[in-house]
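The values are calculated or read from the model by the stated rules, or taken from the named source; none is laboratory data. Computed from a prediction, not measured in an experiment: that's the story for all the values here. Neighbour counts are summed over all protein chains in view; Cβ atoms, including those assigned to glycine, are modelled from backbone coordinates with ideal geometry.
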Amino acid sequence: MVKKIVGGMLTVAMAFSIAACGGGAPAAGTDSGTPKAEAGGATQLEFYIPIVAGGALQQTMGQFVEEFNEKNPEYHVEMIYTGTMDDNIVKLQSAAQAGTMPQFYLAPYNYKFMLDSLGIVTPMDDLVAADSDGEAYIDGFIDSFIRDSYIDGQLVSIPFARSCCIFYYNKDAFREVGLNPDEPPATWDELVEAAQLLMKYDSSGNMERAGFGICENQANSQWPWAILTAQKGGQINSDDGSYTYFDSPESIAAVEWWVDLHTTYKCVPDYLLSFVDMPNMFIEGKLAMMEHTSGNLTNIYSNADFEVGVALLPYSDVQTSSTGGQNFFMSPGLSEAEREGSWRFIRYCTEPEQQARWCAACGYIATVDKAFETDTLKKYMEEVPGLENALEQLHTGAVTEIATYECQQIVTLINDYLQAAISEEMSAEEAMKELQAKADSILSPYRK
């Protein structure tokens, strides 16, 4: 067995996290509406970035900030680390209430409706129009990423740290049980058949290796559920974020198959899998196959002592996945200089070379097509060939993660009811119907 080493790349596993047009929030960087003073002649720009301090992500973003400030002395960007996903949400909400919003910030792309309802999102179409190559810049983003940057036809965010769910498998384990390591399962039926073969127990009957893993707790199970539902031909919410379809036949069928992985096929662990535990379980050989974020590519290729396979997700009726990650958002109420400086920084971070460096540092997928033409990513893709599969998955099909108003509350409910179904506390149909009723109550005020 050959241990794959990614040369010259940091492999610290990071907890990269986030929070979630219009509205009446006070101006960014203000106190009672008074603009923040500019120091040393430079326009001061605060930037909320949800990174737990340390590691490749902080180092790379720190380089971007330093480079930008040196090249643009009329502006000074200051990063403010906001910690975990929940921390960042709380800090954005607190800043909105206090009137101390940063000029721009990173947040989950699918929280755009929630951010809009807080009054801390503003369109950027005028900045695109005023930019000499603004239209070409927007056209350069991968379609599966830029399509989710709009509310009512207005551009409200820019894709930055993005990912999609991909299929990882242990080629050595495939060889061990007589499966072809170059032919990963393409359908749900093939996945179940392979997963059952890959189950491994010790002499006492204790499970040493599960055939397959899919994330089931810690506020992340809504991601695979959106994918499974889409693979049955359905969707979980409307494009305007005000309706959900949790009790649709496609959604219920997806949950029933998920439950069957535990109860009928018995090819997954007999407990609820954690999103954060799964990569290490895969690296340690405790999971033979898993569906997980492309953001773990660098980590997995660097630390697995077996040959790693990456492929498109197995599917039922429709071959698709789901995107994930964070976009840049700009706060309302900025001065002209603050808007221009924020726009310039966002553009700098999303140019092909910077996106290539970001991708190579952590495994998030570069959001612009031209990044894959850079020497940086050509070299990276030689060392981490799974990135090519992740890119193929995006172009083959990737739906939007759950994106509704009151998204944080909806996500909590989704996880509660999915766990109830998986644990057989409720049937899939009962759980989805009760979940839909609660979602209707929450979202009804936002329906036109």
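Which one of these is within 21 Å of the chain's Cα centre (by Cα) and β-branched (Val, Ile, Thr): THR82, THR122?
THR82
Just to verify a result, which residue in segment 49-82, among those that are of a type in the set (Phe, Trp, Tyr) and modelled with pLDDT of 95 or more, is nearest to PHE160 (Cα to Cα)?
Per the stated criteria, the residue is PHE64.
Examine segment 326-347 for a residue that is among the polar types (S, T, N, Q), within 24 Å of PHE174 (Cα to Cα) and modelled with pLDDT under 95, and state whether such a residue exists.
no
For PHE113, state whether it is closer than 15 Å to PHE160 by Cβ and in contact with a Phe, Trp or Tyr (Cβ under 8 Å, 6 or more places away or on another chain).
no
List every residue pair whose Cβ atoms sit under 9 Å apart, with the two residues 6 or more apart in sequence or on different chains, where the first one lies in segment 126-137 and is assigned to a loop (DSSP other than H, G, I, E, B) and the second, anywhere, is among the basic types (Lys, Arg).
Correct list of pairs: ASP131/ARG347.
Please work out which residue is surrounded by the most Cβ atoms within 10 Å (Cβ to Cβ), limiting yourself to segment 88-106 and to residues that are of a type in the set (S, T, N, Q) and within 24 Å of the chain's Cα centre (by Cα).
Only one residue fits best here, namely GLN103.
Among what's in segment 245-264 and is hydroxyl-bearing (Ser, Thr, Tyr) and surrounded by fewer than 18 Cβ atoms within 10 Å (Cβ to Cβ), pick the residue that is farthest from LEU287 (Cα to Cα).
TYR245
Inside segment 280-300, can you point out the residues that are under 16 Å from LYS171 (Cα atoms) and crowded, with 23+ Cβ neighbours inside 10 Å?
Selection gives PHE282, LEU287, ALA288, MET289, MET290, LEU297, ILE300.
Given the structure, is ALA194 modelled with pLDDT of 95 or more, more than 28 Å from PRO108 (Cα to Cα), of a type in the set (Gly, Ala, Ser) and assigned to a helix (DSSP H, G or I)?
The answer is yes for ALA194.
Kindly provide the set of residues from segment 313-340 that are among the aliphatic types (A, V, I, L, M), buried (at least 19 other Cβ atoms within 10 Å of the Cβ) and part of a loop (DSSP other than H, G, I, E, B), ordered by number.
Result: LEU313, LEU334.
Given the options ASP131, ASP143, ASP126, ASP139, name the one that is of a type in the set (D, E, K, R) and either outside the structural domain of CYS362 (by TED's automatic domain parsing) or within 21 Å of SER238 (Cα to Cα) (or both).
That would be ASP143, the only listed residue that is of a type in the set (D, E, K, R) and either outside the structural domain of CYS362 (by TED's automatic domain parsing) or within 21 Å of SER238 (Cα to Cα) (or both).
Taking segment 138-169 as the region of interest, how many residues are farther than 30 Å from TYR301 by Cβ and in a strand (DSSP E or B)?
4
Scanning segment 279-300 for residues that are assigned to a helix (DSSP H, G or I) and of a type in the set (Gly, Ala, Ser), which turns out modelled with the lowest pLDDT?
So, considering only residues that are assigned to a helix (DSSP H, G or I) and of a type in the set (Gly, Ala, Ser), the one modelled with the lowest pLDDT is GLY295.
Applying the selection to segment 107-121, what residues are buried (at least 24 other Cβ atoms within 10 Å of the Cβ) and either polar (S, T, N, Q) or on the phi > 0 side of the Ramachandran plot (or both)?
Scanning segment 107-121 gives a single hit, ASN110.
Can you pull out the residues in segment 229-244 that are over 20 Å from SER423 (Cα atoms), of a type in the set (S, T, N, Q) and crowded, with 23+ Cβ neighbours inside 10 Å?
Selection gives GLN231, ASN237, THR244.
Would a scan of segment 220-233 turn up a residue that is more than 18 Å from the chain's Cα centre (by Cα) and either assigned to a helix (DSSP H, G or I) or on the phi < 0 side of the Ramachandran plot (or both)?
Yes, because at least one residue in segment 220-233 is more than 18 Å from the chain's Cα centre (by Cα) and either assigned to a helix (DSSP H, G or I) or on the phi < 0 side of the Ramachandran plot (or both).
Exactly one of these conditions fails for GLN103: (1) farther than 25 Å from ALA403 by Cα; (2) at pLDDT 95 or above. Give me its number.
In the conditions (1) farther than 25 Å from ALA403 by Cα; (2) at pLDDT 95 or above, GLN103 misses (1) alone.
Residues that are buried (at least 23 other Cβ atoms within 10 Å of the Cβ): list the helices (runs of 4 or more DSSP H) wholly contained in segment 347-445 that include at least 3 such residues.
Correct list: 352-362, 386-396, 407-422, 428-443.
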